[in-house]
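Undergrad: Quick one: the structure is below, questions incoming.
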Amino acid sequence: MKLRFAPSPTGFLHVGGARTAIFNLLHARRHGGQMLLRIEDTDVERSRQHHAEQIVSSLQWLGIDWDEGPLYQSDRLDLYRQRAEELVTAGKAYRCYCTVEELEADRSAAEVAGKPYKYSGKCRVLAESGTASITDGAHVIRMKVSPGPIDFHDLIRGDVHFEGELIDDFVLLRSDGYPTYHLSVVVDDIDMAITHVARGDDHLSNTPKHILLFRAFERESPVFAHLPLILGPDKKRLSKRTGATSAEEYRDLGIVPQALVNFLTLLGWSPGGDRELFTTTEAADWFDLSDVNKAPAIFDQEKLLWMNGQYLARMSADEIYPHLVPFLGDRVRSLDELRAIIEMTKVRGRTLAEVADAMQPFLIEDEAITYDAEASKKHLKGEDLKLRLEELRDALGAAEPFDVATTEQVLRTLAESRGLGAGKLIHPLRLALTGRGASPPIFDVVVALGREKTIARLNRLIATFAG
Ligand code: GLU
């Protein structure tokens, strides 16, 4: 069994493309097959090498590990020309010399008559009658399509039927010698021994053409599986209007690849039960293309954020660190310096960006702490505030050892001895240390900052009160 993911490098890796890649990989892994990566870059107008590189690096980021490739179709142009010529020689395709103007005129005439446009077949008649007089000059190569049913069984859509009658003599090779998508995809699927083609639903109408080509090359068609569309929350095709659409954008928002892959795997498939969090390795034990739902899947960004939060909470600091580095900018430190801080803050955000934000108080200089206005208004009050903070500073200064249990004990003893609720000390302490109204558990914060910074930050807040 061999599957392939065959992106066209005309932009970033779309999340729909990423899901196609994942489903191909999972099916291959489930059945002990191979997965090939093929870059379909024969559309010279729209293909860009840097897009191909971005797609490859997004796939690597996602952890999609193909077995062969990337192979580039642009390296294989001679093969496509050769195969098109073979079909001409075998009488299964023909040269068409009709000019763009002629074709346009036919198209407008069809439009005026309210009929669907179909190539007139002029050059086919000439070719078949052997009276074709022109043998050189600009031409395309067209497939000779015969009427008759084209039936196939799709793993997802079930039995699919098309009428050859309705299919045009489609172009295989353009006048500039470049293949059309139909030719290159079938030549490659044959040459690369692809057994299963899983691709977006938008290709369904291309499939009968491909089946005709497999027949013309006297090869068996691969098994097809057309994946349902991914819709936005507005039930329209996923687009920029309703959120990010590329894997890169989600990376930049602070989604970890494991969470994105898990989320995308659930778009149109489910392992059964209410199981939602699983690894690719687990999914590869359960997945089968024939279990994919044919109804469109809805991309719920809120759910992705939730899932990412679940992943962050379950991942170790060591696993999170490499993904977090870009979000820390010039405040980045070594993993050893950050391990405890990551452990403390990883549950405090749904994205890496939010975790990096929660880490800020631990990474900035004492002088850079600014006090949240709302939290200050709520917690920095009372005539005795300054005294409270000074006593707390002195008590913590003497805490021995400087660990979570002891610093907590010290604070609670002080509160009790002054007849105060512990909150009267904890909230101002949190503001002094982080500038914020919310933080990881306060004594974890105290210990992570250490005695010196705790004292310095308390002093800094105390200094803001005159007198
Ligand atoms: N290159 C096509 C695309 O990006 C996919 C072709 C295929 O999978 O057959 O839409």
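The values are calculated or read from the model by the stated rules, or taken from the named source; none is laboratory data. The structure displayed is predicted, hence computed values, not measured ones. So basically every Cβ, Gly included, is an ideal-geometry build from the backbone, and we count neighbours across all protein chains shown. Note: areas computed on protein heavy atoms with side chains; ligands, DNA, RNA excluded. Shrake-Rupley method; radii C 1.70, N 1.55, O 1.52, S 1.80 Å.
Undergrad: Mind checking which aspartates and glutamates have their C-alpha under 20 Å from Lys424, skipping anything on the same chain fewer than 8 residues away?
TA: Correct list for Lys424: Asp372, Glu374, Glu383, Asp384, Glu390, Glu391, Asp394, Glu408, Glu416, Asp444.
Undergrad: Let me ask another. Would you compute, from DSSP H runs of 4+ residues alone, the mean residue ellipticity of the chain at 222 nm, taking -39500 (n - 2.57) per run and dividing by the full residue count, rounded to the nearest 500?
TA: Counting only the DSSP helices, I get -15000 deg cm²/dmol.
Undergrad: If packing is taken as the average count of other Cβ atoms within 10 Å, what order do 415-423, 249-257, 286-294 fall into, highest mean first?
TA: 249-257, 286-294, 415-423
Undergrad: Moving on to the next point. Rank-order 119-126, 372-379 by packing density, defined as the average count of other C-beta atoms within 10 Å over each peptide's residues, highest first.
TA: 119-126, 372-379
Undergrad: Exceeding 28 Å between C-alpha atoms, which entries from my cross-link table qualify? They are Lys115/Lys294; Lys240/Lys294; Lys346/Lys453.
TA: Result: Lys115/Lys294 exceed 28 Å.
Undergrad: Roughly speaking, to the nearest percent, how much of the stretch 341-467's 1.4 Å accessible area is carbon and sulfur?
TA: Accessible surface attributable to carbon and sulfur in the stretch 341-467 totals 52 percent.
Undergrad: Where only protein heavy atoms count, and the probe is 1.4 Å, what is the accessible area per residue for the stretch 21-154 in Å²?
TA: For the stretch 21-154, the solvent-accessible area averages 53 Å² per residue.
Undergrad: What relative contact order, as a whole-number percentage, does the chain give when Cα pairs under 8 Å and 6 or more residues apart are counted?
TA: So the answer I get is 13 percent.
Undergrad: Relative to the first principal axis of the alpha-carbon coordinates of the chain, what is the inclination of helix 181-191, with its axis defined by its Cα atoms, in degrees from 0 to 90 and to the nearest 10?
TA: Taking Cα atoms only, the helix is inclined about 90 degrees.
Undergrad: Follow-up question, since we're still on this one. Please give every one of the lysines within straight-line cross-link reach of Lys118, meaning a C-alpha to C-alpha distance under 27 Å, and leave out same-chain neighbours fewer than 8 residues apart.
TA: Hits, sequence-local ones excluded: Lys92, Lys144, Lys209.
Undergrad: Nearest 10 degrees, 0 to 90: what angle lies between the long axis of helix 100-112 and the longest principal axis of the chain (Cα atoms)?
TA: Long axis of 100-112 versus the principal axis of the chain: about 80 degrees.
Undergrad: Carbon and sulfur together cover what percent of the accessible area of the stretch 184-254 at a 1.4 Å probe radius?
TA: 50
Undergrad: Counting only heavy atoms of the protein chains, get the accessible area per residue of the stretch 195-354 (1.4 Å probe) and round it to a whole Å² value.
TA: 46
Undergrad: Any chance you could give the angle, 0 to 90 degrees and rounded to 10, that helix 77-89 forms with the longest Cα principal axis of the chain?
TA: Value to nearest ten degrees: 30.
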